[in-house]
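*Asks:* Structure below; questions to follow.
All of the numbers you see were taken from the coordinates with simple rules; none came from a lab. Here the structure is a predicted model, which means the values were calculated and not measured. Because the Cβ atoms are built from the backbone with ideal geometry, glycine has one as well, and the counts that use them run over all protein chains shown.
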Amino acid sequence: EVIALGAAIDYVTGIGVERIAAHESELLEYATRRLREINSVRLIGTARDKAAIVSFELDGIHPHDVGTILDREGVAVRTGHHCAQPVMQRFQIPATTRASFAFYNTKEDIDALIKGIDRVSEVFS
């Protein structure tokens, strides 16, 4: 385990933490812009300086249904409370769909998410 951790640290150091952060920030900006183009999407959590994670609701469609269809479209997301049930109760949000981005993701991955959301909307229209 120690050897694997060392290899992982060397890998990330080789890429550069600053480069990783810049790439993830660019992906977050792109995903946020693309999701805001969809009228039925409500973004949850839009702080200025945040991790490369987008949580959202799709009008009238339960997040578990969104996640199931996205999974069938080859898009990996998480759905549920995300260990934030008290705050979700406070704001009366039953659950969200969450997409997370890292240095290995691309804008094409986000485009696949958007295409998958379009498919979800087709199924439920």
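*Asks:* What is the distance, in nm, between label points placed 7 Å from the Cα along the Cα-to-Cβ direction at Thr106 and at Leu43?
*Replies:* For the pair Thr106/Leu43, the computed spacing is 2.4 nm.
*Asks:* Also: Between helix 2-15 and the chain, what is the angle of the helix's C-alpha long axis to the longest principal axis, kept within 0 to 90° and rounded to the nearest 10?
*Replies:* Helix 2-15 sits roughly 80 degrees off the main axis of the chain.
*Asks:* Then there's this: So how far apart, in nm, are the two label points at His64 and Tyr30 if each is 7 Å from Cα heading toward Cβ?
*Replies:* Each label point lies 7 Å from its Cα, and together they span 3.3 nm.
*Asks:* For a quick size check, give me the Cα extents of the chain along its three principal axes, largest first, whole Å.
*Replies:* So the three principal-axis extents are 49, 33, 29 Å.
*Asks:* May I pose another question? Tell me, what ³J(HN,Hα) does each residue in region 113-122 have, in order and in whole Hz, if you take phi through Karplus 6.51 cos²θ - 1.76 cosθ + 1.60 with θ = phi - 60° and put x for Gly and Pro?
*Replies:* Running phi through 6.51 cos²θ - 1.76 cosθ + 1.60 with θ = phi - 60° gives 4, 4, 4, x, 5, 4, 5, 4, 4, 4 Hz.
*Asks:* Another one. Taking the Cα centre of the chain as the origin, how large is its charge dipole in debye, to the nearest 20, when only Lys and Arg (+1) and Asp and Glu (-1) carry charge on their Cβ atoms?
*Replies:* Numbers: 14 positive and 18 negative charges, 79 e Å.
Computed charge dipole of the chain: roughly 380 debye.
*Asks:* Residues with amide H under 5 Å of Gly45's amide H, sequence separation 5 or more or different chain, H placed in the peptide plane at 1.01 Å from N; which?
*Replies:* HN-HN under 5 Å from Gly45: empty list.
*Asks:* Could you pull out the GluC sites (Glu not before Pro) across region 1-81 that fall in loop regions by DSSP (anything but H, G, I, E, B) with no more than 16 other Cβ atoms inside 10 Å?
*Replies:* Glu1, Glu37, Glu73
*Asks:* Shifting gears a bit: What are the ³J(HN,Hα) couplings of region 58-66, residue after residue, when phi is run through the Karplus curve with 6.51, -1.76, 1.60 and θ = phi - 60°? Round to Hz, x for glycine and proline.
*Replies:* 3J(HN,Hα) across region 58-66, in whole Hz: 10, 2, x, 10, 5, x, 5, 5, 4.
*Asks:* What does the extension gain come out to for Ser125 and Thr13, with contour length at 0.36 nm per residue minus their alpha carbon separation?
*Replies:* On the way: separation 112, 0.36 × 112 = 40.32 nm, distance 4.71 nm.
Length difference between fully extended and current span is 35.6 nm.
*Asks:* Taking the inverse of the average 1/r across all pairs of different Cα atoms in region 23-71, what Kirkwood radius in Å do you get?
*Replies:* 11.7 Å is the Kirkwood radius here.
*Asks:* Per DSSP helix of 4 or more residues, -39500 (n - 2.57); summed, then divided by the residues of the chain. What does that give at 222 nm, rounded to the nearest 500?
*Replies:* Per the formula, -17500 deg cm²/dmol.
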